[in-house]
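First comes the structure, then the notes that go with it.
The values are calculated or read from the model by the stated rules, or taken from the named source; none is laboratory data. Every value quoted in this text rests on a predicted model; they were computed, and no experiment measured them. We place every Cβ from the backbone using ideal geometry, glycine too, and count neighbours over all the protein chains shown.
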Amino acid sequence: MKKILLEKNHPGLQFIKYAFCGGIAFFTDMFTFFILGWKLFPALKNDEMLVKLFGLQVEVVTDSERSVNFIICSTIAFLISNFVAYVLNVRFVFKAGKHSFWKEFGLFYLVSGISIAIGTALGAGLVYMFGLSALFSYVAKAFSSTMINYAGRKFIIFHG
């Protein structure tokens, strides 16, 4: 089991571990986003699935305000979850050391930042232009970010 967890060369195992570690980072991001969107920067609607599921009381704001708050919540959640992703990726998925630590760490945040900016713009646009739920917009953001991140991490940041 230890060999499977620490083996970083086999592409199939690598992607499975990437997906698992990404799931942990995704949960961290989602948890952070929805707590912030519920308590600090109102981004949720009364008819959201999670709002109904947990019986939450949300502050009613305009779609324009929700769009801005979506960006704020996404940014804070990104900073936290990306650190979790970095630690897990270095420990279990990719071989570090292609660059110095600080360059590697900076590139990790840069690639992730570009991917999350694209995804957040997509999500905020879905909220603003179509009034879609934060959950649907969040999933669209997460999917687009995942695809960009894997390629950047595998081919630019780490030793494959």
| Taking only pairs six or more apart or across chains, which ones have beta-carbon atoms under 7 Å, a first residue in segment 104-128 that is without any contact (Cβ under 8 Å) to a residue 24 or more places away in the chain and in a helix (DSSP H, G or I), and a second residue that is aromatic (Phe, Trp, Tyr) and surrounded by fewer than 16 Cβ atoms within 10 Å (Cβ to Cβ)? | 126/136
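Given the options 93, 139, 84, 127, name the one that is out of contact with any strand residue (DSSP E or B) (no Cβ under 9 Å at 6 or more places or on another chain) and more than 25 Å from residue 20 (Cβ to Cβ). Don't jump to the end; show me each part of the working.
On the way: 93 fails: more than 25 Å from residue 20 (Cβ to Cβ); 139 fails: more than 25 Å from residue 20 (Cβ to Cβ); 84 fails: more than 25 Å from residue 20 (Cβ to Cβ).
Within the list 93, 139, 84, 127, the selection yields 127.
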| request: Determine, yes or no, whether residue 53 is surrounded by fewer than 13 Cβ atoms within 10 Å (Cβ to Cβ) and either modelled with pLDDT of 95 or more or touching a Pro at 6+ places or on another chain (Cβ under 6 Å) (or both). | output: no
| For segment 71-88, how many residues meet the condition of being in contact with a helix residue (DSSP H, G or I) (Cβ under 6 Å, 6 or more places away or on another chain) and under 18 Å from residue 146 (Cβ atoms)? | 10
| query | With respect to the numbered conditions (1) over 30 Å from residue 46 (Cβ atoms); (2) exposed (fewer than 15 other Cβ atoms within 10 Å of the Cβ); (3) not small (Gly, Ala, Ser), which one is the sole condition not fulfilled by residue 84? | reply | (2)
| task | Name every residue in segment 59-81 that is surrounded by 16 or more Cβ atoms within 10 Å (Cβ to Cβ) and closer than 19 Å to residue 130 by Cβ, in order of residue number. | result | 61, 66, 67, 68, 69, 70, 71, 73, 74
| note | In segment 1-50, anything farther than 17 Å from residue 139 by Cα, modelled with pLDDT of 90 or more and among the β-branched types (Val, Ile, Thr) is listed as none
| task | Can you confirm whether segment 100-115 contains a residue that is under 21 Å from residue 26 (Cβ atoms), touching a Phe, Trp or Tyr at 6+ places or on another chain (Cβ under 9 Å), among the hydrophobic types (A, V, I, L, M, F, W, C) and modelled with pLDDT under 90? | result | no
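Could you identify the single residue in 39, 95, 45 that is in contact with a Gly (Cβ under 8 Å, 6 or more places away or on another chain), on the phi < 0 side of the Ramachandran plot and not aromatic (Phe, Trp, Tyr)? So that I can check it myself, show each step before the final result.
Working: 39 fails: in contact with a Gly (Cβ under 8 Å, 6 or more places away or on another chain); 45 fails: in contact with a Gly (Cβ under 8 Å, 6 or more places away or on another chain).
Only one candidate qualifies: 95.
Is it the case that residue 84 is touching a residue at least 40 places away in the same chain (Cβ under 8 Å), closer than 17 Å to residue 153 by Cβ and either touching a His at 6+ places or on another chain (Cβ under 9 Å) or of a type outside the set (Lys, Arg) (or both)?
Numbers: touching a residue at least 40 places away in the same chain (Cβ under 8 Å): yes; closer than 17 Å to residue 153 by Cβ: yes; either touching a His at 6+ places or on another chain (Cβ under 9 Å) or of a type outside the set (Lys, Arg) (or both): yes.
Yes.
I'd like to check which helices (runs of 4 or more DSSP H) are fully inside segment 1-103 and have at least 2 residues that are within 22 Å of the chain's Cα centre (by Cα) and among the polar types (S, T, N, Q). If you could, list the steps in order and put the result at the bottom.
On the way: elements: 2-6, 11-39, 49-54, 63-88.
Once the helices (runs of 4 or more DSSP H) in segment 1-103 are filtered for at least 2 residues that are within 22 Å of the chain's Cα centre (by Cα) and among the polar types (S, T, N, Q), what remains is 11-39, 63-88.
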